[in-house]
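**Student:** Next up is a structure, given as structure tokens.
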Amino acid sequence: AFSDYTHYITVKPNETYDSREAEIIFYSESEDIYETVSVVQLQKDAIIAAKSEYILEALETELSFKVSTNVEFEVQTSVDWIQLAPDTRALEEVELSFVLEKNETTANREGYIILTSENIEQKIRVVQLVRGDSNMLTITHNNKLFKAPMFTGTSVAAVIEWGDGKQDNYVMDITHEYSTQKTYTVEIQVWGADEVTLPDIVGVSQIDFTKF
């Protein structure tokens, strides 16, 4: 006669970007029979853009970046001055291209490129700078951990060259850790800043404001 049994099996979350398969085998040694149950666990869905933020000049330009994904996704923009390039097929290509209109305003402006797929959303912030020249601030120091100055003004945007080949877009309280402690020269190109405040001058040997 047949008997009913309930087996409870715990399956760990799949944190990879591929589906995975396994087999559960029920085996009777006395009767020399077995039954195999196949289990398929779906992958972790993801949309990963190369960067989460881009800072661009005021001129009309094209922005291209690669997207790594294992799902089909849709592309939207939050502003009308960022348009998906006509020859970009978002569901078939891993590289997306956008056309940015020239910034004729008197302030930096920002918008978002939004990639969506069911319950996944990836936002890429795009900052387009105001027409005009940028300012440059150069700081020489010998710290292993360096905190960037704070900039205040209208629509501040900046790009920081840390002096070790690394680069970041400026955000409030941004810091950078170096692999070794030696002398580095930090170059900060900034737009829209009226004032700069240094957190401290420990380890700082030179500050050049001549181009700020």
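The values are calculated or read from the model by the stated rules, or taken from the named source; none is laboratory data. Note that the structure is a prediction, hence the values are computed from the model and not measured. FYI the Cβ positions are ideal-geometry reconstructions off the backbone, even for glycines, and counts take in every protein chain you see.
**Student:** Among what's in segment 47-73 and is among the hydroxyl-bearing types (Ser, Thr, Tyr) and either part of a loop (DSSP other than H, G, I, E, B) or over 17 Å from Leu100 (Cα atoms) (or both), pick the residue that is nearest to the chain's Cα centre (by Cα).
**Tutor:** The extreme case among them is Ser52.
Yes or no, residue by residue, for (1) buried (at least 16 other Cβ atoms within 10 Å of the Cβ); (2) farther than 24 Å from Ala58 by Cβ:
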residue	(1), (2)
Ile82	yes, no
Val99	no, no
Ser117	yes, yes
Ile120	no, yes
Thr152	no, no
Gln167	no, no
Thr180	no, yes
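**Student:** Would you mention how many residues in segment 19-39 are exposed (fewer than 10 other Cβ atoms within 10 Å of the Cβ), of a type outside the set (S, T, N, Q) and closer than 30 Å to Asn70 by Cβ?
**Tutor:** Residues meeting the conditions: 3.
**Student:** Which one of these does Ser134 not meet: (1) modelled with pLDDT under 85; (2) closer than 30 Å to Lys182 by Cα; (3) in contact with an Asp or Glu (Cβ under 8 Å, 6 or more places away or on another chain)?
**Tutor:** (3)
**Student:** Going through segment 192-212 one residue at a time, which ones are part of a loop (DSSP other than H, G, I, E, B) and within 27 Å of Ala107 (Cβ to Cβ)?
**Tutor:** Correct list: Leu198, Pro199, Phe209, Thr210, Lys211, Phe212.
**Student:** Sticking with this structure for a sec: Look through Glu53, Glu104 and report the one residue that is within 23 Å of Gly153 (Cβ to Cβ), modelled with pLDDT of 85 or more and either in contact with a Lys or Arg (Cβ under 8 Å, 6 or more places away or on another chain) or among the small types (Gly, Ala, Ser) (or both).
**Tutor:** From the options Glu53, Glu104, the qualifying one is Glu53.
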